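Just below is one structure, and these are the notes that go with it.
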Amino acid sequence: MCIYLSIYLSIYLSIYLSIYLSIYLSIYLSIYLSVFSLLICELYQLSRPDLFRGEAFIDGKWVQNGKTFPVYEPSTGEVLGDVASMSRSDFVTGIKSADVGFREYSSTTTAHYRAALLKKWYDLIISNKDDIATILVLENGKTFSEAVGEVVYAASFVSWFAEEATRAYGDVIPSSMPNTTVFTLKQPVGVCGIITPWNFPAAMITRKIAPALAVGCSVVIKPPSETPYTAAALVKLAIEAGIPPRVIQLIPTKDRDAATELCTNPIVKKISFTGSTKVGIFLSKLAMGTMKKVSMELGGNAPFIVFDDADIDLAVQAAMVCKFRCSGQTCVCANRILVHKKLLPEFTKKLIAEVSKLKVGFGLDKTTTQGPLVNRGGVDKVNQHIEDAVSKGAKLELGGIIPKDVNQNGFFIAPTILTGVTKDMLVANDETFGPLAPVFGFDSEDEAVSLANDTEFGLAGYFFSKDVNRILRVASRLECGLVGVNTGKISAAESPFGGVKESGVGREGSKYGLAEYYIIKAVTIGNTNA
Ligand code: SIN
């Protein structure tokens, strides 16, 4: 089965690539990519090897331009594959094609038709979830069960926005002028530049492009260079679902300058980015040059507060979910665990017991419960935070080492717990983005809230309490866009996701996520004599 698919892929690719490249180069690249997908297929039992692809999708075709960049497998540190590294002019081509796609798609489809396309895409994602999850594990490192969970989470945005598409109502507004009617139209903003992160290679794409496609926009996606394969699998399935080819362009690149074309090209009307605050501010400044609409989902430094009236077992379980999901590489991960001093000994003991049960290893190994980090830089940052804290007096309770029974060239670090952490330490001020749980102590509610808010970030915050008055008070006092009370799980398609302060602007998911992709036009009809 794999062999036939691979031969088919090889012939198919050489025909298409020859349009762009010399015939010899395109045959060479096609055979290389197809043999490669065959190997992956055999090795990891993908039932759809054609979902594992390293080309760009521009103007309705899978293309290469002769340049590639390596993608690494985090559990071995070895090269997983080579992916097309497209140039600035490829972005210009993709943007122009997306503009043609947008005009046709937005003017010829109804919301119900677009919803039907999205539902087909949802079905295809779900029916191929094991293959997508396998690809995701290979390039991101997370465990297979987490990856399947992410694919289902990714698909939930597609079905959510398929339904929301049909409910984008406008308003009829009572006019202050006689014989006048005022109403609003919600219209798609146009071509959208989508720049996604590696920590959720599937969900961060669908959370952005499902609302865009639902309202009638077209998208040009720049996937992360660490995890471009999952993006290609999703785009392949979107095209199979019947989304018009020019409406989705996928342009991988290692050239950051080429990708900035998305933020400067006047055809692009909207930029949606998830990543660091530093890059988000840089991209926003570029986008403001042509007054694009922007959504920025940026860094966090989430406090996780355990008050003296908390259910400790619940708080420990929630900390496990919230801190160690994706090996601590989420923007909403608990970055600072603040525990009332009365509960500190019991909470710490129970947290150590739970974290000790985590099994670090290769994500496709069924017994693994904690994968590697995505790259060496991630491991270095965690180590830097540990060293800094210990040098300033924190106690290393657990971890802080590379586990022995894993591939030593992989990007592994053992889940780590530090106690006696104080606000002068790096870990208090910088997002660790790794499996490090730093535990602080506090004496009063005011002190906890003030420590929690003592950061330029404002994405997520969590707290544990049984007192309803405290729940209402602290939920409103925390300076963040998302608050979890007595839970570590706050992300869902129906819930608005986004930050305040330097954690960004705009909301994703929910009914507000749709609004990021349309403009509101006020239509005033005068002299109606009605
Ligand atoms: C993120 O880390 O950027 C997203 C996490 C989530 O959706 O829960």
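Since every read-out is calculated from the coordinates, none of them should be taken as a lab result. Since this is a predicted model, take the numbers as computed values, not measurements. Quick reminder, even Gly has a Cβ in these numbers, built from the backbone with ideal geometry, and neighbours come from all protein chains shown.
So, in the stretch 317-333, exactly how many residues are surrounded by 24 or more Cβ atoms within 10 Å (Cβ to Cβ) and more than 16 Å from the ligand (Cβ to nearest atom)?
Counting residues in the stretch 317-333 that are surrounded by 24 or more Cβ atoms within 10 Å (Cβ to Cβ) and more than 16 Å from the ligand (Cβ to nearest atom) gives 0.
In the stretch 262-277, which residue that is in a helix (DSSP H, G or I) and more than 15 Å from Leu459 (Cα to Cα) is farthest from the ligand (Cβ to nearest atom)?
Of everything passing the filter in the stretch 262-277, Thr264 is farthest from the ligand (Cβ to nearest atom).
Which numbered condition trips up Arg336, out of (1) more than 16 Å from the ligand (Cβ to nearest atom); (2) assigned to a helix (DSSP H, G or I)?
So the condition that Arg336 fails would be (2).
Test Thr253 against the stated conditions and say whether it is over 20 Å from Leu298 (Cα atoms), crowded, with 24+ Cβ neighbours inside 10 Å and out of contact with any strand residue (DSSP E or B) (no Cβ under 8 Å at 6 or more places or on another chain).
In short, no.
With the requirement that a residue be in contact (Cβ under 8 Å) with a residue 24 or more places away in the chain, away from the ligand (no atom under 16 Å from the Cβ) and not hydrophobic (A, V, I, L, M, F, W, C), what does the stretch 171-210 give you?
The answer is Ser175, Asn179, Thr180, Thr181, Thr184, Lys186, Gln187, Pro188, Gly190, Gly193.
Quick one: Leu51 ticks every box in (1) within 21 Å of Tyr518 (Cα to Cα); (2) out of contact with any strand residue (DSSP E or B) (no Cβ under 6 Å at 6 or more places or on another chain) except a single one, so which number is it?
(1)
Based on what the data block shows, is Gly216 away from the ligand (no atom under 16 Å from the Cβ) and more than 25 Å from Ala522 (Cα to Cα)?
When the stated conditions are applied, Gly216 does not pass them.
Conditions (1) more than 17 Å from Pro438 (Cβ to Cβ); (2) out of contact with any Lys or Arg (no Cβ under 6 Å at 6 or more places or on another chain), marked per residue:
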residue	(1), (2)
Ile243	yes, yes
Cys263	yes, yes
Gly275	yes, yes
Ser284	yes, yes
Asn301	no, yes
Asp309	yes, no
Ala318	no, yes
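Given the condition within 16 Å of the ligand (Cβ to nearest atom) and either buried (at least 23 other Cβ atoms within 10 Å of the Cβ) or touching a residue at least 12 places away in the same chain (Cβ under 8 Å) (or both), answer yes or no: does some residue in the stretch 280-293 qualify?
Among the residues of the stretch 280-293, at least one is within 16 Å of the ligand (Cβ to nearest atom) and either buried (at least 23 other Cβ atoms within 10 Å of the Cβ) or touching a residue at least 12 places away in the same chain (Cβ under 8 Å) (or both), which makes the answer yes.
Filter the stretch 74-107 down to the residues that are charged (D, E, K, R) and surrounded by 22 or more Cβ atoms within 10 Å (Cβ to Cβ) and list them by number.
Asp90, the sole residue that qualifies.
What strands (runs of 3 or more DSSP E) completely inside the stretch 155-256 contain at least 1 residues that are of a type outside the set (Gly, Ala, Ser) and under 23 Å from Val279 (Cα atoms)?
191-195, 218-222, 248-250
May I ask you to list pairs of residues, at least six apart or on different chains, whose Cβ atoms are under 8 Å apart, with the first in the stretch 365-393 being assigned to a helix (DSSP H, G or I) and the second being surrounded by 14 or more Cβ atoms within 10 Å (Cβ to Cβ) and among the polar types (S, T, N, Q)?
Gly378/Gln329; Lys381/Thr432; Val382/Thr416; Val382/Thr432; His385/Thr432; Ile386/Thr416
Just the residues that are part of a strand (DSSP E or B), within 19 Å of the chain's Cα centre (by Cα) and surrounded by fewer than 16 Cβ atoms within 10 Å (Cβ to Cβ), please, taken from the stretch 484-530.
Once the filter is applied, which keeps residues that are part of a strand (DSSP E or B), within 19 Å of the chain's Cα centre (by Cα) and surrounded by fewer than 16 Cβ atoms within 10 Å (Cβ to Cβ), the stretch 484-530 yields only Val500.
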